[in-house]
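Working notes for the structure below.
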């Protein structure tokens, strides 16, 4: 895979390159068999879905933070505000948070619902019991597919 060429960017943009490259390297090391696409123009990593209805996971560089668009459901901003860290260290913290989230998604520990057009979201399976009413009106999904209603309501599987 070809990573971004830092020579084509100004020094003020280098932080963004460090961030995205750090995330890409972390994804490659944590998920060596994962197929993903890097779009250099939009500075986005795209992970194709198992189910089309879920939608792809898009990780976009947004200038000092990454935004993870979680399928057709929602998005999450991943940032690091620890001022005592260097840009490289911040990038490593953010990349680690992205990898942890992807581990949870790929291991069906995150339940998604709704739509990225509004009223969408995600919750961990551990948290779902306390916030059940927020997810009742929508079909729920795991990375591996739609979550059967009886499992979603009981939280009995993978909890």
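The values are calculated or read from the model by the stated rules, or taken from the named source; none is laboratory data. In this text, all values refer to a predicted model and were calculated from it rather than measured experimentally. For neighbour counting, all protein chains shown are included, and Cβ atoms are generated from backbone atoms with ideal geometry for every residue, glycine included.
Key figures for this structure:
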quantity	calculated
Test: residue in region 50-62 that is outside any strand (DSSP E or B) and touching a helix residue (DSSP H, G or I) at 6+ places or on another chain (Cβ under 7 Å)	no
Residue 138, sole failed condition from (1) farther than 21 Å from residue 23 by Cβ; (2) at pLDDT 85 or above	(2)
Some residue of region 71-80 being farther than 29 Å from residue 146 by Cβ, out of contact with any strand residue (DSSP E or B) (no Cβ under 9 Å at 6 or more places or on another chain) and at pLDDT below 95	yes
Restricting region 63-106 to residues that are assigned to a loop (DSSP other than H, G, I, E, B) and without any contact (Cβ under 8 Å) to a residue 12 or more places away in the chain, the residue that is nearest to the chain's Cα centre (by Cα)	81
Looking only at region 18-41, and only at residues there that are part of a helix (DSSP H, G or I) and touching a strand residue (DSSP E or B) at 6+ places or on another chain (Cβ under 8 Å), the one that is surrounded by the most Cβ atoms within 10 Å (Cβ to Cβ)	19
